[in-house]
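Asker: Attaching a single structure in structure tokens format; questions to follow.
The values are calculated or read from the model by the stated rules, or taken from the named source; none is laboratory data. Note that this is a predicted model, so its numbers are computed, not measured. All Cβ positions, glycine included, derive from the backbone under ideal geometry; neighbour counts span all protein chains shown. We work out accessible area using only protein heavy atoms, side chains counted, and drop any ligands, DNA or RNA first. Shrake-Rupley method; radii C 1.70, N 1.55, O 1.52, S 1.80 Å.
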Amino acid sequence: MSRQEEQFERIKTRVHTDSGEAARIVAAEIAELIERKAGSGDQAVLGLATGSTPLPVYRELVRLHREEGLSFGNVVTFNLDEYYGLPPDHPQSYHQYMWRHLFGQVDIPKEQVHIPSGMVDRAEVFDYCADYERKIERAGGLDYQILGIGRTGHIGFNVPGSTSDSKTRLIRLDSLTRRDAARDFLGAANVPRYAITRGVGTIRKATRIVLMAWGQAKVEVLRQAVEEQPTENLPASLLQGRPDVRFFVDQAASEALTRFRIPWLVGPVSWTVPTIRSAVLWLSRAVKKPILKLQDSDYNENGLGDLLTEVGAAYDLNIKVFNQTQHTITGWPGGKPNADDSNRPERAKPFPKRVVVFAAEPDEDVLCMGGTIHRLNNQGSEVTLAYFTSGNLAVPDGMARQILSLMNELEQELNLKGADGVSLGQVAGVILKKLQAKSPQEDDSADIRQVKSLVRRNEARDASRNLKMAPDRLRFLDLPFYESGGYRNFQPTEKDEKIVVELLREIEPHQIYVSGGSADPGSLSGLCFQLFRKALQAVGGETWLEECYLWSYRGIGQEWPLNAIDMAVPLSPDELALKIEASFQYRSQRSQFPLRHSGHKEIWQQTDDINRSTAEAYNDVGMAEYEAIEGFKRLQPADLF
Ligand code: F6R
């Protein structure tokens with residue numbers, strides 16, 4: 001990578017094909033440090049983080065310990081943070097996390113591990129924090145600090161507003177950070193409001209700092225941290241200006257960096273069909289002119305003179321890209337029967353098509369492509385909605401409680417008696433008691449999880465009914481990895497893969513819709529995509545797959561940019577309203593926070609905004625004006641092998 005390409009970047013950023021590759025390099029650096037220090041009889045002092053991001057690094061360190069004899073005997077660690085109020089044995093405490101994923105699996109002496117305590121008396125917090133800092137200093141300072149980045153740009157729990165010289169302290173968590181943690185805690189209401197965190201100033205003192213970011217969800221915050229002026233509103237940007245700071249990111253997280261988004265502003269570009277399309281679409285929006293009105297001068301004055309030299313005058317180029325973009329639009333996502341399909345994103349034949357829409361959990365499908373599902377179904381395709389997981393971990397206790405008490409009371413009201421002595425109301429009563437006895441943070445028992453799965457199944461059925469789908473078109477795969485796991489703790493196996501393979505072989509679809517390809521591979525949607533990928537490899541070479549089109553859709557807030565869309569499905573105002581009504585059915589997924597003053601939106605509002613803004617983007621570049629658009633990118637099965 002030449003310095004020229006990095007000219008917009010204020011922090012050295014290494015982009016790797018995937019998080020596994022980057023994590024192996026980071027782990028190798030840490031191992032090298034540990035061994036070098038051991039060689040000179042010194043301790044290696046590590047600053048450690050929690051969350052999804054460092055998991056692949058910890059996995060690799062554990063492997064190096066087990067398979068290559070890396071010893072942690074001379075390692076001293078200082079964790080960044082801990083939730084305030086959580087005892088160390090709480091399942092969601094960072095103490096548990098660290099022992100589960102790293103310390104418990106290597107030979108580090110217990111007394112060399114330091115994690116802030118969440119149980120310090122309020123009156124003693126200040127002294128406790130100052131002492132934590134002194135301990136780091138006494139250990140000789142941090143040799144190597146690893147970091148993740150939150151969607152607010154936080155590092156550790158340094159929320160926006162943290163100053164660059166801030167120290168270890170008690171901090172009140174912001175609402176987005178608490179929302180992001182809601183899943184870990186089985187409901188937003190259970191997420192602690194406070195945490196103890198090392199300060200930005202303390203982090204900045206480490207000799208080497210490595211921040212990692214994986215997946216699409218981090219794309220915008222990463223760009224701001226790397227390319228914009230440092231600001232306390234985005235604490236990760238305060239790492240700028242420190243000499244030995246490096247960011248390790250995967251391709252998905254790096255997408256918005258200038259060198260990838262608008263490479264023609266950075267240096268010479270080797271022009272290909274996709275880069276030409278990106279450049280023209282970008283120019284059209286940058287100068288606020290529809291494609292067909294772009295002039296040679298627009299290209300020349302906006303860093304695209306090279307493109308004209310290579311491909312000719314603006315006039316022909318405009319027409320080419322206009323047509324390409326126009327041809328992505330179709331009202332017939334399943335292909336239009338008996339129509340010329342030479343310029344359509346989908347083939348006319350076969351018709352009707354067998355279609356499988358995969359979703360990590362119920363709601364993802366409808367929120368991201370409800371309008372397209374409605375069209376496919378309405379136009380005669382045989383659509384199956386397949387849910388990898390039940391999504392029961394994301395159902396609040398209160399909702400299960402409501403249903404169980406309703407069943408229980410209904411029996412009493414109607415004076416029902418079960419035929420074989422045990423009635424449904426009694427069963428509900430037993431589960432209800434368990435639910436009431438459970439502390440909010442405790443894991444759900446299998447029967448409570450089952451009740452919560454049913455909540456989501458029913459919501460999915462209601463939503464699909466809104467889209468005029470028959471209830472028997474829904475397939476709840478309830479993959480075992482999810483039912484026996486928890487967030488950050490899922491371990492998919494061949495059993496899960498087999499279930500997906502069986503579904504594919506049973507249906508032999510002509511079209512598959514799937515999401516999660518650019519998500520953090522540690523997240524639920526990332527894990528589901530990896531499983532899908534393995535299943536696809538297992539059926540590779542089967543005839544039906546050669547004729548199958550794969551369409552990728554993206555999660556809420558991470559929609560495909562205009563230049564990446566290969567199929568744009570316009571929604572009429574009525575169709576958008578239908579989709580929003582369907583999204584409303586996911587009552588269990590509504591925000592648990594009062595949103596009025598927080599600036600956040602409910603998911604149905606977010607989906608509405610996204611579909612409207614994609615339509616606006618099409619309109620801005622000179623396409624017809626639609627109410628809303630859902631966008632898809634075509635994947636080649638071979639790219640996934
Ligand atoms: C936790 C920490 C946090 C996380 C951040 C990203 O110790 O330092 O700043 O790194 O919240 O979380 P994940 O990795 O789960 O996306």
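Asker: Tell me, what is the percent relative contact order of the chain, built from C-alpha pairs under 8 Å that lie six or more residues apart? Walk me through the numbers on the way to the answer.
Answerer: Numbers: 1161 pairs, mean separation 83.4, N = 641.
After rounding, I find 13 percent.
Asker: What is the gain in length, in nm to one decimal, between Lys601 and Glu310 on full extension, counting 0.36 nm per residue of separation less the C-alpha to C-alpha distance?
Answerer: Working: separation 291, 0.36 × 291 = 104.76 nm, distance 4.54 nm.
Between Lys601 and Glu310, full extension yields 100.2 nm more.
Asker: Beyond 18 Å between alpha-carbons counts as too far, so tell me which of Lys336/Lys579; Lys289/Lys320; Lys452/Lys579 fall in that bin. Walk me through the intermediate numbers first.
Answerer: Details: Lys336/Lys579 22 Å; Lys289/Lys320 16 Å; Lys452/Lys579 24 Å.
Too far apart for the 18 Å limit: Lys336/Lys579; Lys452/Lys579.
Asker: Please identify which residues in region 181-199 have an amide N closer than 19 Å to a label point set 7 Å out from the Cα of Lys434, following the Cα→Cβ vector.
Answerer: Only 186-187 fall inside the zone, counting backbone N under 19 Å.
Asker: Moving to a separate point now. Counting heavy atoms of the protein chains only and a 1.4 Å probe, report the per residue accessible area for the chain as a whole number of Å². The partial results should precede the final answer.
Answerer: Numbers: 27630 Å² over 641 residues.
Roughly 43 Å² per residue, with all protein chains present.
Asker: With r as the distance between the Cβ atoms of Thr207 and Arg66 and R0 = 25 Å, compute the FRET efficiency 1/(1 + (r/R0)^6) and round to 0.05. The partial results should precede the final answer.
Answerer: On the way: r = 28 Å, r/R0 = 1.11.
Efficiency, rounded to the nearest 0.05: 0.35.
Asker: Put Ser40, Ser254, Ser175 in order of accessible area, largest first, 1.4 Å probe: what do you get? Walk me through the numbers on the way to the answer.
Answerer: Details: Ser40 75, Ser254 5, Ser175 40 Å².
Descending order: Ser40, Ser175, Ser254.
Asker: Say the dipole of region 61-169 comes from +1 at the beta carbon of Lys and Arg and -1 at that of Asp and Glu; which of Asn74, Tyr128, Ser164 then lies farthest toward its positive end?
Answerer: Result: Ser164, furthest along the dipole toward the positive end.
Asker: Over region 77-165, what is the mean sequence separation of C-alpha contacts under 8 Å (at least six apart), divided by residue count, expressed as relative contact order in percent?
Answerer: Values: 68 pairs, mean separation 24.6, N = 89.
Computed value for region 77-165: 28 percent relative contact order.
Asker: If the chain between Asp244 and Val427 were fully stretched, how many nm would it gain, using 0.36 nm times the residue separation less the Cα-Cα distance? If you can, show how the numbers build up before the last one.
Answerer: Working: separation 183, 0.36 × 183 = 65.88 nm, distance 6.05 nm.
Gain in length upon complete extension: 59.8 nm.
Asker: Give, rounded to the nearest 20 debye, the magnitude of the charge dipole that the chain has about its Cα centre when Lys and Arg contribute +1 at Cβ and Asp and Glu contribute -1 at Cβ.
Answerer: On the way: 76 positive and 87 negative charges, 125 e Å.
Computed about the Cα centre, the dipole is about 600 debye.
Asker: Additional query: For region 489-574, which whole percent of the accessible surface, found with a 1.4 angstrom probe, sits on carbon and sulfur atoms?
Answerer: On the way: 1510 of 3410 Å².
Within region 489-574, the accessible surface is 44 percent carbon and sulfur.
Asker: With every protein chain kept in the model, how would you rank Tyr387, Tyr549 by accessible area, 1.4 Å probe, largest at the top? Walk me through the intermediate numbers first.
Answerer: Details: Tyr387 0, Tyr549 45 Å².
The residues order as Tyr549, Tyr387, largest area first.
Asker: Then there is this: Along Cα→Cβ, 7 Å out, is where each label goes; now give me the distance between the ones at Glu483 and Glu301 in nm to one decimal.
Answerer: That separation, rounded to one decimal, is 6.4 nm.
Asker: Could you list, in their original order, any pairs among Lys498/Lys534; Lys353/Lys495; Lys135/Lys205; Lys353/Lys468 whose Cα atoms are separated by more than 19 Å? The partial results should precede the final answer.
Answerer: Details: Lys498/Lys534 10 Å; Lys353/Lys495 28 Å; Lys135/Lys205 14 Å; Lys353/Lys468 17 Å.
Exceeds cut-off: Lys353/Lys495.
Asker: Kindly state, to the nearest 0.05, the FRET efficiency for Thr493 paired with Asp107, given R0 = 25 Å and r defined as their beta-carbon distance. Can you show the working numbers first?
Answerer: Values: r = 28 Å, r/R0 = 1.12.
That gives a FRET efficiency of 0.35.
Asker: Sticking with this one: Starting from region 548-637, pick out the trypsin sites (Lys or Arg not before Pro) whose DSSP state is loop and whose Cβ has at most 16 other Cβ atoms within 10 Å.
Answerer: Working: sites: Arg554, Lys579, Arg587, Arg590, Arg596, Lys601, Arg612, Lys633, Arg634; in loops: Arg554, Arg590, Arg596, Lys601.
Sites meeting the loop and neighbour criteria: Arg590, Arg596, Lys601.
Asker: Okay, moving on. Could you name the aspartates and glutamates in cross-link range of Lys433, using Cα to Cα under 13 Å and dropping any fewer than eight places away on the same chain?
Answerer: Here the aspartates and glutamates satisfying the reach criterion relative to Lys433 are Asp397, Asp444, Asp447.
Asker: Compute the relative contact order of region 263-326 as a whole-number percentage, counting only Cα pairs closer than 8 Å that sit 6 or more residues apart in sequence.
Answerer: Working: 42 pairs, mean separation 21.0, N = 64.
It comes to 33 percent, rounded to a whole number.
Asker: Separate question: Could you give me the ³J(HN,Hα) list for region 504-519, computed from phi with Karplus coefficients 6.51, -1.76, 1.60 and θ = phi - 60°, whole Hz, x at Gly and Pro?
Answerer: 4, 5, 5, 8, 6, x, 8, 9, 10, 10, 8, 10, x, x, 10, 7
Asker: Same structure again: Please report the projected area of region 13-254's Cα convex hull averaged over all directions, in nm². Don't jump to the answer; show the numbers that get you there.
Answerer: Working: hull surface 48.9 nm².
It is 12.2 nm².
Asker: Work out, step by step, the length gained on full extension between Glu502 and Arg347: first 0.36 nm times the residue separation, then minus their alpha carbon distance; give nm to one decimal. Can you show the working numbers first?
Answerer: Numbers: separation 155, 0.36 × 155 = 55.80 nm, distance 2.56 nm.
Roughly 53.2 nm would be gained on extension.
Asker: On each of the three principal axes of the Cα atoms of the chain, give max minus min coordinate, whole Å, ordered largest first.
Answerer: Computed over the chain, the largest-to-smallest principal extents equal 81, 75, 50 Å.
Asker: Could you name the aspartates and glutamates in cross-link range of Lys293, using Cα to Cα under 16 Å and dropping any fewer than eight places away on the same chain?
Answerer: Cα-Cα hits under 16 Å: Glu301, Asp316, Asp620.
Asker: If you don't mind, another one. After finding the eigenvalues of the alpha carbon gyration tensor for region 183-315, what semi-axes result from the square roots of 5 times each, listed largest first in whole Å? Display every interim value, and only then the final one.
Answerer: Values: eigenvalues 315, 68, 35 Å².
So the equivalent ellipsoid measures 40, 18, 13 Å along its semi-axes.
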